[in-house]
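Right, I'll just put the structure down here and ask away after.
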Amino acid sequence: MRILVVEDEPKTAAAIRKGFAEKGYEVDLCLDGSEGLRLAKTGNYDLLVLDLMLPGRDGWSILSELRAAGVSLPVIVLTARDAVRDRVKGVSLGADDYLIKPFAFAELLARVQSVLRRASGTMPEVIRIADLELDFARHRAARSGSPLDLTPKEFALLAFLARRRGEPQTRATLAAAVWDMPHEGESNVVDVHVRRLRAKADDPFERKLIQTVRGVGYVLREHA
Ligand code: CA
């Protein structure tokens, strides 16, 4: 997998490059908007991570130019925390996902993996289990039609379990998958987040979907 990162802040760019390299992705960095657009059009990349405020040419114009040229390269936009309206604008311009700065690399990695999976067409965009509905494109979850107010980590945890419904997951697997960290001594983090997730996604509802598997971890399934 080859990723193009167009980002002019040296620290952010370096952190992204290092993170992807550690995960075995090939990364090309570009600090300038015009050069970024040229590279994105070459067809040499599987995904574009695009900052919005750039010298040369801004991210919006790169995105609209790419889409106008019929380039379907998946794009993840990095944007400032308060630019809420940008999110809407980005959707209409055809970005595949967004990340608000500052972000943890694990979060970017999760988005990248999700966008790449969707781009390869192997993952459904919506999963329904009983009355639970998970919309991966919009990072939204609902039960019985009522939206669940989940943090990104809670959503990631729920999504991970939902994609492997009926298959018990160990705390170590969950820690590695959702938090991108070694599991040694971290199982408590998983338990704490599962408790918070249950409080929102299970406790208010009669049917409990997230179940504890004694001596193993957790599983999401319709029936006990
Ligand atoms: Ca910038």
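Any read-out appearing in this document is the output of simple, stated calculations on the displayed coordinates, not a laboratory observation. These numbers come from a predicted model, not from an experiment. Ideal geometry is used to build each Cβ from the backbone, glycine not excepted, and the neighbour counts take in all protein chains shown.
Can you tell me the orientation of helix 84-93 relative to the chain, as the angle in degrees between its alpha-carbon axis and the longest Cα principal axis, to the nearest 10?
Result, in degrees: 70.
List every residue whose amide H lies under 5 Å from the amide H of residue 169, counting only residues 5 or more places away in sequence or on a different chain, with H placed 1.01 Å from N in the peptide plane.
Those lying under 5 Å, H to H, from residue 169 are 218, 219.
Of all DSSP beta bridges located in the chain, what percent are antiparallel, nearest 5? Working shown, then result.
Details: 17 of 34 bridges.
Among the beta bridges of the chain, antiparallel pairing accounts for roughly 50 percent.
Moving to a separate point now. So which of 101/208; 41/153; 153/208 end up more than 31 Å apart by C-alpha?
In this structure, 101/208; 41/153 lie more than 31 Å apart at Cα.
What is the sum of charges around residue 144, taking Lys and Arg as +1, Asp and Glu as -1, for the other residues whose C-beta is under 11 Å from the C-beta of residue 144?
-1
May I pose another question? From the mean inverse distance of alpha carbon pairs (Kirkwood) and the Cα radius of gyration, derive Rg over Rh for region 2-119.
0.91
Can you give the FRET efficiency for residue 42 and residue 142, using 1/(1 + (r/R0)^6), R0 = 35 Å, r = Cβ-Cβ distance, to the nearest 0.05?
Between residue 42 and residue 142 the formula returns 0.30.
Would you mind counting up the charge near residue 222? Only other residues with Cβ under 12 Å from its Cβ, with Lys and Arg at +1 and Asp and Glu at -1.
Result for the local shell: +4.
May I ask you to list the aspartates and glutamates whose Cα is less than 12 Å away from that of residue 200, ignoring any residue fewer than eight positions away on the same chain?
Those aspartates and glutamates meeting the cut-off are 149, 154.
Still on this structure, I have one more. Taking H as built 1.01 Å from N, whose amide H comes closer than 5 Å to the amide H of residue 27, not counting residues under 5 places away?
Result for residue 27 returns 3.
With springs connecting C-alpha atoms under 10 Å apart, model the chain as a Gaussian network and identify which of 199, 162, 172 has the largest mean-square fluctuation.
199
If you don't mind, there's one more thing I want to ask. Using every alpha carbon pair in the chain, what percent of pairs falls into each 10 Å bin from 0 up to the bin containing the largest distance?
Spelled out bin by bin, the chain gives 7, 31, 32, 20, 9, 1 percent.
Put a dot 7 Å past each Cα toward the Cβ at residue 11 and residue 212; how far apart are the dots in nm?
The answer from the label model is 4.2 nm.
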